[in-house]
Each structure stands twice: as C-alpha cells, then as structure tokens.
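Some notes on the structure that comes next.
The values are calculated or read from the model by the stated rules, or taken from the named source; none is laboratory data. These figures come from a predicted structure and were not determined experimentally. Cβ sites come from the backbone with ideal geometry, for glycine too, and all protein chains shown count toward neighbours.
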Amino acid sequence: MFANGAYDPAQCDLCGETAADVVLDRTTLRAMTSDARIVRRALRKLRCRSCGLVRDGLGISGDELAGFYGEQYTLNTRSTEEHVFFTPEGPIPRSAMIADWIVKLVPPHRWTAGQRVLEVGCGQGNLLRALATRMPDVEFSGVELSAEATRRARDQGLDAHCGDTEAAPHELYDRILVFGVLEHVPSPTAFLHRLRARLPIDGELVLGQPTQDVANYDIFFVDHLHHFASAHVDLLATKAGFEPVAAEIGHPLDDDMSLHVFRAVSDESSHARIDLPIQSTCEEAAQRFTGIFERVDALLAKCAPSERLAVFGIGEIFVLLLAYTALAKRRIVCGLDDDEARQRDERWPFPIAPPERAGEFGVDRVLLCVNPTYAERITERLAALDLRVDRLF
C-alpha cells in the first residue's frame, strides 16, 4: 500500500497541479486519527485548483507511515473493534453491512466457484470472514500491514498475509477488494496501478472509501491523505486502466461512504479529461464542524468548574471533540455505556457505568456525544432518569 514511501503534498496526485487553496489549517499540535486517537500534529488540508481533489498539506516520511500502520494503528487490533449499527431489525456488525453492500453491487452469480479474491488492508479479517460465509466456494485471501491484525485474522483461520500487495500469495486475482484504504495511501494513482497489475482483463476492483459528496468530519482525520468526491475516484481508476461498472454513494446505515466497482480494461495508463474542478463538500464540512466545535466550547465555558460531568457516547465523536474543543480540559467523572465490556480495550481516565448508575457519581450534567440519528431517543431516556442532558453534536 505504501510501496512508494513518503507522502509529499507538493502536487496533486490526480492531475499533477501544484497550485492549491487552503481548506483547513489548525496549527495547534493536536489532531485526531481515524482509529480514534489524538496525536501531536498540526492539521492542514489543501484543495487542488485544477481538479478539486483535497489532500493533506503536510509531508510525512516513509518511515513514519510504515511505523504508523505497521505498529501504531489500532483500529484493526482491538477485540471489540467492530462497529455495530443499531436498526429496527436489530444490531448489524459493520462487516456484515459492507459484505451485503458489496454483494448488492456484485451479485452472487458473479462469485463463481474457484475464483480468487484478494482484500487489500484486510485488518483482523472481519470483512473477509463475512464474505467467505456468504461465498464458501470462493478462495479469499488478504494482506495487511499490521502484524497484530494479521495474527488476529490468521487465528480465525483466514488466509491473511502481513505486508503490502507483494505479500499476496497469488500473482493474479479475479477480484480485488479495497475498503477504507484509498484515503490513506500517499499516491492513489500508484496504488491503483499496482492493483491493476494483479488483475487480468475483465478482472474487478471494488473500492469503498469516505465520500466527499456529502459533508462529514472525515476532513478532520489527520491520517486521511486524500478526500475524494466520487468523480475523483472514477478519474483515478480510469488513469490506472479501469472502467466504471457500478457505484453507490452512501449506504442507508453509513451515508459517509461510497462503493465503486470497476472492470480492468487496459494494461496501459490512460488520461481522463478534467474540464472543471470537481466539486466536493470538503470546504462546507470544514466550516460546519468548526462551527460545531465553537458551539461546544461556548457551552463548556458556561459550565461551572465544580459541575460533575458525564459523557454518553464514548466513541469516535467523543474523541473528535476531545481533539478539537476544550472538552479535554474538563474533568469527566464517568462515561455512560450500556455495554461496559465494549470499552474494556480502552484506557479512559474515568470509570464506565450504565446510565442507571449515574447517580452514584453525583453527575450534574450529561454531555451527549452521539450520532444525531440516535440523539433524541437517548436524550428522552436520560431525561427519564432525571439527568440533565446537553447535546454536543
């Protein structure tokens, strides 16, 4: 994934243009990574004046990237890592959602017995396992930079290999899956060319990544080096010798992602014409969430220093607010979570308890850090427990 080493923001990876405008610039050395950690780094994002692709504005060495994904990145090494979506039909693991989404765009009749399918960036194997369950006659393999994540995948009996794409056990594959990786690589162009080299003519590439067709806080992830509108993904794939087959922008359970299916059509690089800068929601998102952070700071400023604060929603949104607001400066007496075991891999500086036990900690105010989809229902529940609730997001 990172065979070309360092990331250099000097020019756009898609079109080669050097001129760019600043979309986001936070010089405070405090930023969030996509595995929900806070790191000592500034945050700067640039928008290409030619094609509109937004990229990270700070250089990163090859050693830093290798260490980050090989040793430090934790998203795929937590026993309780997998996110669950709560629906009227019951909880749905993220891997099941993605697997069903892929099968929707690549129907079952195209998964024939004996096919070889490679997942690049397979993590601890959740998606590989979900797809293998649905397609038992297909041969699935995966590659992953993290040795710990690879070990976890292999412990499940999956054919996972530690390393970049060169660690894949076969030379060619019928289909390659890449979900949540493209935004991390220093050069998407070089990465997609390497994937094209592992597919025959008519082989398929399935790409899933955060989409900038809708405004979301992906722009604040310091380790996401590129932020794509769906048209950018199409152009990058076209450059590498693919043509679009199907795409879906947003999933009912996760509208911040897009899923694209491409067919390998050429061994040669091609050029896709860009007439105008492609529009994305990156600037809108930067402004919207900066406004949210400012409103949270204003609310916290009104809270008396003696108030005993609790947090409901101890996940990605909470860490986002810890990184970019004054929340990190306030003492939190407890986190509220119905599933205390879900937090056992975390090292929060406060105890975790179900909401019904909030009184044991003398909680004066609950700060709600959850997706707005769930906020009203949770607010009503906490209010029924005589807890004062402030929605932060």
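Please state which one of ALA153, ALA160, ALA147 is surrounded by fewer than 20 Cβ atoms within 10 Å (Cβ to Cβ), in contact with a helix residue (DSSP H, G or I) (Cβ under 8 Å, 6 or more places away or on another chain) and in contact (Cβ under 8 Å) with a residue 12 or more places away in the chain.
Unique residue meeting the criteria: ALA147.
Report whether or not ASP364 is under 19 Å from LYS302 (Cβ atoms) and surrounded by fewer than 18 Cβ atoms within 10 Å (Cβ to Cβ).
Spelling it out, ASP364 is indeed under 19 Å from LYS302 (Cβ atoms) and surrounded by fewer than 18 Cβ atoms within 10 Å (Cβ to Cβ).
Looking only at region 12-45, count how many residues are over 21 Å from the mean Cα position of the chain (by Cα) and either under 18 Å from TYR73 (Cβ atoms) or among the hydrophobic types (A, V, I, L, M, F, W, C) (or both).
Counting residues in region 12-45 that are over 21 Å from the mean Cα position of the chain (by Cα) and either under 18 Å from TYR73 (Cβ atoms) or among the hydrophobic types (A, V, I, L, M, F, W, C) (or both) gives 6.
Kindly list, by first and then second residue, each pair from a residue in region 320-344 that is assigned to a helix (DSSP H, G or I) to a residue that is at pLDDT 95 or above and among the aromatic types (Phe, Trp, Tyr), limited to pairs with Cβ atoms under 7 Å and residues at least 6 apart or on different chains.
LEU320/TYR217; LEU320/PHE220; TYR324/PHE220; TYR324/PHE293
Out of ARG381, ARG331, ARG347, report the one residue that is within 23 Å of ARG40 (Cα to Cα), more than 22 Å from the chain's Cα centre (by Cα) and at pLDDT below 95.
Result: ARG331 is the single residue among ARG381, ARG331, ARG347 that is within 23 Å of ARG40 (Cα to Cα), more than 22 Å from the chain's Cα centre (by Cα) and at pLDDT below 95.
Please state which of the following conditions SER230 fails to meet, knowing it meets all the rest: (1) surrounded by fewer than 22 Cβ atoms within 10 Å (Cβ to Cβ); (2) farther than 27 Å from THR290 by Cβ.
Looking at each condition in turn, SER230 falls short on (2).
Give the residue that is farthest from HIS83 (Cα to Cα), with candidates limited to residues of region 22-67 that are basic (Lys, Arg) and not in a strand (DSSP E or B).
So the residue we want is ARG49.
Name the single residue that is nearest to VAL233 (Cα to Cα) among those in region 1-21 being in a loop (DSSP other than H, G, I, E, B) and small (Gly, Ala, Ser).
GLY16
Can you pull out the residues in region 353-393 that are among the basic types (Lys, Arg) and either in contact with a Gly (Cβ under 9 Å, 6 or more places away or on another chain) or within 23 Å of ALA328 (Cβ to Cβ) (or both)?
Step one: filter region 353-393 for residues among the basic types (Lys, Arg), giving 357, 365, 377, 381, 388, 391.
Of everything in region 353-393, those that are among the basic types (Lys, Arg) and either in contact with a Gly (Cβ under 9 Å, 6 or more places away or on another chain) or within 23 Å of ALA328 (Cβ to Cβ) (or both) turn out to be ARG365, ARG388, ARG391.
Being within 16 Å of the chain's Cα centre (by Cα) and outside any loop (DSSP other than H, G, I, E, B) is the filter; apply it to region 120-144 and report the residue that is surrounded by the fewest Cβ atoms within 10 Å (Cβ to Cβ).
The selected residue is ASN126.
A quick yes/no check of all residues on (1) farther than 30 Å from LEU327 by Cα; (2) in the same structural domain as PRO200 (by TED's automatic domain parsing); (3) part of a loop (DSSP other than H, G, I, E, B):
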| position | (1), (2), (3) |
| --- | --- |
| LEU235 | yes, yes, no |
| GLU248 | yes, yes, no |
| HIS260 | yes, yes, no |
| SER266 | yes, yes, yes |
| GLN287 | no, no, no |
| PHE293 | no, no, no |
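Check region 26-36 and report whether any residue there is within 19 Å of ILE278 (Cα to Cα) and either assigned by TED's automatic domain parsing to the domain that holds GLN212 or aliphatic (A, V, I, L, M) (or both). Full working, then the answer.
From region 26-36, those within 19 Å of ILE278 (Cα to Cα) are none; that's our starting set.
Within region 26-36, not a single residue is within 19 Å of ILE278 (Cα to Cα) and either assigned by TED's automatic domain parsing to the domain that holds GLN212 or aliphatic (A, V, I, L, M) (or both).
In region 367-383, how many residues are free of Cβ contacts under 8 Å to residues at least 24 places away in the same chain, among the aliphatic types (A, V, I, L, M) and surrounded by 17 or more Cβ atoms within 10 Å (Cβ to Cβ)? Walk me through it before giving the result.
Narrowing region 367-383 to residues free of Cβ contacts under 8 Å to residues at least 24 places away in the same chain: 372-373, 375-377, 379-380, 383.
Within this subset, residues satisfying the condition of being among the aliphatic types (A, V, I, L, M) are 375, 383.
Applying the additional criterion that residues be surrounded by 17 or more Cβ atoms within 10 Å (Cβ to Cβ) yields 375.
So the count comes out to 1.
Quick check on my filter: what residues within region 79-121 are farther than 19 Å from LEU158 by Cβ, among the polar types (S, T, N, Q) and at pLDDT 95 or above?
Passing the criteria: only THR112.
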